[in-house]
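The values are calculated or read from the model by the stated rules, or taken from the named source; none is laboratory data. This is a predicted model, so every value here is computed, not measured. Neighbour counts are summed over all protein chains in view; Cβ atoms, including those assigned to glycine, are modelled from backbone coordinates with ideal geometry.
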């Protein structure tokens, strides 16, 4: 469909645009941006008064659970949740059943998303077959089939030589390696962050150095072979420092964090709240402050949700045995907007972290409103307040620590390939 978006505040860091402008969309592409544009005959006009008009949001780290775990989420419900949250593109992690370690599984995801999904879905293939950590996958085949990165997310690649060779091979074919940075021997039987709260609750703790050691290894390996690497779900002040120092040295490292790591501390676990159990775990106030500072100074490149849906029966159990992870596609935008409200980020920085940077890191050719580019657009209402209610969430799973809480900011409309796929 063709449309003219009028009266909105257009923010596009790729062009250093921030002003009251109109956006004309024709045949799925950005046709024109300017002031006082008139709609050609037959073109629908969308009034964006009081809204931000930004390049479509991109979540570079989600778990759609399809194939094999569709009782938690599937491509249809997951992409419906994505567009409700303002995301026009998502990148799905490979820990499905079967694992995305071959062309057949990758093609299944791409074809199903095109046929039934509500937004763009870019699969992430595995670094090793079956996430085993001991045999490298056919990365070239995965890239040819449409995978935009490789990762063993959910598990670290424990063997340092395997990780180094994977970085070399991936760099040679031009595909990004995403690291789940975790030293399992330090994690042991831990179920939450090691600290005062874990001691008080009598729960086995995970020391933050379990992430720091792995982050250090990844940056050193990437530096040694001269290859790029992306660190997923950064949660500790140590990791932020290590990545900042690596960037100063010229290491080709990028990283992401998630809204729960700059919003919550391990105090959220009190009451043995399994909706506050995740991996890496929620940390302490000093870590939250470091994550915010890392976003502010550009050490942390992107905000991703690590959307991890689980069935109620997998969460309504003893804390020690509950599954790790929370859903995040529908709450990420208001939680991230609070960084702007609190003066941590500018609006331009937020759009970079949630759209432009993820696109650039993975080579998605999105994240911009340049004339001629694909018309993936998100309209944001920054003032709308709403309560996170189970019945209103599009995701199949409801494992969110924000249930019942009032949030500010929402996706007013989501446009994918020039089509209005969601309107609140």
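When you scan the stretch 53-61, do you find a residue that is surrounded by fewer than 21 Cβ atoms within 10 Å (Cβ to Cβ), at pLDDT 95 or above and either out of contact with any helix residue (DSSP H, G or I) (no Cβ under 9 Å at 6 or more places or on another chain) or not assigned by TED's automatic domain parsing to the domain that holds residue 392 (or both), even just one?
The answer is no; no qualifying residue exists.
May I ask you to verify whether residue 162 is more than 26 Å from residue 327 (Cβ to Cβ) and crowded, with 17+ Cβ neighbours inside 10 Å?
When the stated conditions are applied, residue 162 passes them.
Just need a number here: residues in the stretch 198-223 that are crowded, with 22+ Cβ neighbours inside 10 Å and either modelled with pLDDT under 95 or more than 16 Å from residue 283 (Cβ to Cβ) (or both).
The total comes to 4.
Among (1) touching a helix residue (DSSP H, G or I) at 6+ places or on another chain (Cβ under 8 Å); (2) closer than 23 Å to residue 424 by Cα, where does residue 405 come up short?
Every listed condition holds for residue 405 apart from (1).
Residue under question is residue 83, and the condition is that it be in a strand (DSSP E or B) and either without any contact (Cβ under 8 Å) to a residue 60 or more places away in the chain or over 13 Å from the mean Cα position of the chain (by Cα) (or both); does it hold?
Values: in a strand (DSSP E or B): no; either without any contact (Cβ under 8 Å) to a residue 60 or more places away in the chain or over 13 Å from the mean Cα position of the chain (by Cα) (or both): yes.
No, not satisfied.
Residue by residue through the stretch 387-419, note down the ones that are in a strand (DSSP E or B), surrounded by fewer than 17 Cβ atoms within 10 Å (Cβ to Cβ) and touching a residue at least 24 places away in the same chain (Cβ under 8 Å). Please lay out each step first, then the result.
So in the stretch 387-419, the residues in a strand (DSSP E or B) come out as 387, 406-416, 419.
Add one more test, that the residue is surrounded by fewer than 17 Cβ atoms within 10 Å (Cβ to Cβ), and what stays is 387, 406, 408, 419.
Matches in the stretch 387-419: 408, 419.
Has the stretch 28-45 got any residue that is within 19 Å of residue 118 (Cα to Cα), assigned by TED's automatic domain parsing to the domain that holds residue 412 and either in a loop (DSSP other than H, G, I, E, B) or modelled with pLDDT of 95 or more (or both)?
Yes, the stretch 28-45 contains at least one residue that is within 19 Å of residue 118 (Cα to Cα), assigned by TED's automatic domain parsing to the domain that holds residue 412 and either in a loop (DSSP other than H, G, I, E, B) or modelled with pLDDT of 95 or more (or both).
What single numbered condition from (1) part of a helix (DSSP H, G or I); (2) in contact (Cβ under 8 Å) with a residue 24 or more places away in the chain; (3) closer than 19 Å to residue 58 by Cα fails to hold for residue 330?
Here residue 330 clears every test but (1).
Can you name the condition, by its number, that residue 272 falls short on among (1) in a loop (DSSP other than H, G, I, E, B); (2) surrounded by 22 or more Cβ atoms within 10 Å (Cβ to Cβ)?
(2)
For the stretch 268-320, how many residues are at positive phi and either under 22 Å from the mean Cα position of the chain (by Cα) or at pLDDT below 95 (or both)?
Total meeting the criteria: 2.
Which of the residues that make up the stretch 1-33 are closer than 12 Å to residue 48 by Cβ and buried (at least 20 other Cβ atoms within 10 Å of the Cβ)?
Once the filter is applied, which keeps residues that are closer than 12 Å to residue 48 by Cβ and buried (at least 20 other Cβ atoms within 10 Å of the Cβ), the stretch 1-33 yields 3, 4, 5, 6, 8, 10, 11, 21, 22, 23.
Could you please let me know if residue 127 is surrounded by 23 or more Cβ atoms within 10 Å (Cβ to Cβ) and either more than 25 Å from residue 333 (Cα to Cα) or outside the structural domain of residue 329 (by TED's automatic domain parsing) (or both)?
yes
For the stretch 285-311, which residues satisfy the criterion of being over 16 Å from residue 243 (Cα atoms), out of contact with any helix residue (DSSP H, G or I) (no Cβ under 6 Å at 6 or more places or on another chain) and in a loop (DSSP other than H, G, I, E, B)?
Answer for the stretch 285-311, where residues must be over 16 Å from residue 243 (Cα atoms), out of contact with any helix residue (DSSP H, G or I) (no Cβ under 6 Å at 6 or more places or on another chain) and in a loop (DSSP other than H, G, I, E, B): 304, 306, 308, 309, 310, 311.
Which residues, counting only those in the stretch 9-27, are assigned to a strand (DSSP E or B) and closer than 20 Å to residue 353 by Cβ? Talk me through it step by step, then tell me what you get.
Here is the first cut: in the stretch 9-27, the ones assigned to a strand (DSSP E or B) are 9-12, 17-26.
The answer is 9, 10, 11, 12, 17, 18.
What number of residues within the stretch 359-386 are without any contact (Cβ under 8 Å) to a residue 60 or more places away in the chain and not in a loop (DSSP other than H, G, I, E, B)?
Total satisfying the criteria: 4.
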